[in-house]
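The values are calculated or read from the model by the stated rules, or taken from the named source; none is laboratory data. Worth saying up front: this structure is predicted, and the values here are computed from it rather than measured. In this analysis, Cβ positions are derived from the backbone assuming ideal geometry, glycine residues included, and neighbour counts consider all displayed protein chains. Please note that ligands, DNA and RNA were not included when accessible areas were found on the heavy atoms of the full protein model with its side chains. Shrake-Rupley method; radii C 1.70, N 1.55, O 1.52, S 1.80 Å.
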Amino acid sequence: MHADIHLRLHALTAAEAHRAAERPRPVRKSPALRVQLGWHLVELGLRLATPADRPVGLAA
């Protein structure tokens with residue numbers, strides 16, 4: 001491959017990569033994961049608020 005062709009292809013590929021990097025990516029939200037994380041945080045809060053001699057468990 002000639003050097004000028006190689007440089008032109010590189011410039012085109014680099015420009016395409018820059019355009020792709022500048023595009024905003026869609027944010028995917030997983031409601032199930034958020035709910036599960038929320039319940040884990042509730043359980044953690046209950047564990048911190050409950051005295052050590054009383055076990056805590058969530059029935060869900």
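Would you call Ala14 modelled with pLDDT of 90 or more, of a type in the set (A, V, I, L, M) and open to solvent by less than 70 Å² (accessible area, probe 1.4 Å)? I'd like the intermediate steps shown before the answer.
Values: modelled with pLDDT of 90 or more: yes; of a type in the set (A, V, I, L, M): yes; open to solvent by less than 70 Å² (accessible area, probe 1.4 Å): yes.
It is true that Ala14 is modelled with pLDDT of 90 or more, of a type in the set (A, V, I, L, M) and open to solvent by less than 70 Å² (accessible area, probe 1.4 Å).
Could you tell me how many of the residues in the range 42-60 are surrounded by 10 or more Cβ atoms within 10 Å (Cβ to Cβ) and either polar (S, T, N, Q) or at pLDDT 85 or above (or both)? Before you say what the answer is, go through the steps one by one.
Of the residues in the range 42-60, the ones surrounded by 10 or more Cβ atoms within 10 Å (Cβ to Cβ) are 42-47, 50, 56.
Applying the additional criterion that residues be either polar (S, T, N, Q) or at pLDDT 85 or above (or both) yields 42-47, 50.
Residues flagged as surrounded by 10 or more Cβ atoms within 10 Å (Cβ to Cβ) and either polar (S, T, N, Q) or at pLDDT 85 or above (or both) within the range 42-60 amount to 7.
Out of the range 1-55, which residues are of a type in the set (Asp, Glu) and not in a loop (DSSP other than H, G, I, E, B)? Break it down into steps so the answer makes sense when it comes.
Step one: list which residues in the range 1-55 are of a type in the set (Asp, Glu), which gives 4, 16, 22, 43, 53.
Of everything in the range 1-55, those that are of a type in the set (Asp, Glu) and not in a loop (DSSP other than H, G, I, E, B) turn out to be Asp4, Glu16, Glu22, Glu43.
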